[in-house]
1. HN-Hα J couplings of the stretch 253-266 from phi, Karplus 6.51/-1.76/1.60, θ = phi - 60°, integer Hz, Gly and Pro as x?
2. Solvent-accessible area of ARG50, probe 1.4 Å, all protein chains present, reported in Å² to the nearest ten, please.
Amino acid sequence: MGTSSAVLDAESRELNDLADSDIEEEEDKNATLKDDEVLAWSNNCLGRFRHRMWIFWEDPLSSKPALFVTIFYMGLILTSVMSFIIETSPEFYSEDEDKSSPFYILEAVIVGFFTVEYLLRFFACPYKLRFLIAPMNIIDLLAILPFYLTLMIGSGISGIAVIRVIRLTRVLRLLKLGKHSAGAMMFIKAIQRGKRGLFMLVFMVTFGVIIFSSIEYYAETASCTFSEADDTWYYDDGDATPFQSIPHSMWWAIVTMTTVGYGDVYPITGAGYAFGAITALCGIVIVSFPVAMLSAAFLAEYQAAKGSADRRQKKQRARCLSNFEEFHQAADELELTLVKGLDASSKTARKASRLSQAFFLFVPKYLNSNQPGYTSQLDY
């Protein structure tokens with residue numbers, strides 16, 4: 001446990017050192033891709049319409065209708081998978097496609113919605129080839145293509161196994177939920193980030209399975225007798241050993257190294273027990289190191305996603321604060337303008353008042369001075 005914790009801490013430090021730079025690079029990359037995509041649409045009515053449609057399908061948070069449509073399609077995916085599961089019940093199962101069956105009608109309606117979605121997204125995408133080779137879009141195509149294959153081939157399909165394989169591809173629709181789930185995308189990015197640990201896990205388990213299955217095979221067959229009549233190894237009591245060959249022993253090695261232990265295959269000799277215990281203990285050590293690296297990758301990806309979310313929140317708060325400051329500044333300018341206007345109007349009102357007072361003071365005197373017999377007080 002101490003060694004595993006040390007590996008986890010070392011891997012975490014190494015990945016966390018790259019987390020911040022990965023966030024910035026990813027945000028810059030996404031911004032560059034968005035700019036390139038914007039330039040890919042022509043600057044006309046159709047180009048702007050395709051741009052809005054692309055944002056509508058690719059960004060569920062771009063608007064309330066986009067979020068509603070995303071939730072609706074997630075419901076269709078879950079309904080399709082549940083229909084696929086229930087249809088395998090004995091009371092509903094049928095080898096032939098009954099077009100009047102409620103399951104077939106429901107499947108046709110759901111495939112119709114998925115087809116419309118795929119065609120609209122293909123119409124709105126800026127780069128057609130990039131759209132066709134994208135992994136999630138390939139999954140979308142595989143989710144609807146089997147239905148149309150069965151329609152085109154019809155009764156020409158030979159063999160129940162082919163029909164079952166075509167039906168099995170319907171479960172791939174569950175992968176469509178991945179592009180709408182932040183947790184699923186985090187899982188995929190964590191696997192990409194921890195690919196070294198994943199490669200080490202596969203290599204070490206494969207290496208251990210070959211080594212320990214070989215040792216266990218020879219340890220068990222050392223107490224057995226080989227019968228050339230039926231090419232089988234038998235214990236002294238006449239029972240056949242489950243460790244008939246190294247490939248037969250590999251199943252036991254896998255379940256023992258991973259500490260699953262189904263109990264369907266187990267040794268009965270003393271040497272088999274001894275090497276089985278060694279296999280179980282070595283399996284814990286072999287699996288713990290790569291799993292620690294994968295755990296560190298998940299932790300680093302979680303911190304990176306959290307840091308990216310915090311950055312977005314800070315940007316939103318900064319944008320809101322900037323808008324508030326701009327509003328406050330505009331309000332101050334408006335208040336200053338109103339004050340200046342009131343000052344100007346008050347000055348104008350005072351001037352008008354003085355003019356009116358002068359008018360009512362001098363005009364009557366002027367009119368009276370023109371009358372006969374008027375004597376001004378200034379004459380005295």
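The values are calculated or read from the model by the stated rules, or taken from the named source; none is laboratory data. Everything numeric in this text was worked out from a predicted model, so none of it was measured. Side chains are part of the model used for accessible areas, which takes the heavy atoms of the whole protein and leaves out ligands, DNA and RNA. Shrake-Rupley method; radii C 1.70, N 1.55, O 1.52, S 1.80 Å.
1. Ordered by residue, 3J(HN,Hα) equals 5, 5, 5, 7, 5, 8, 6, 7, x, 5, x, 6, 10, 7 Hz.
2. So the heavy atoms of ARG50 present about 40 Å² to solvent.
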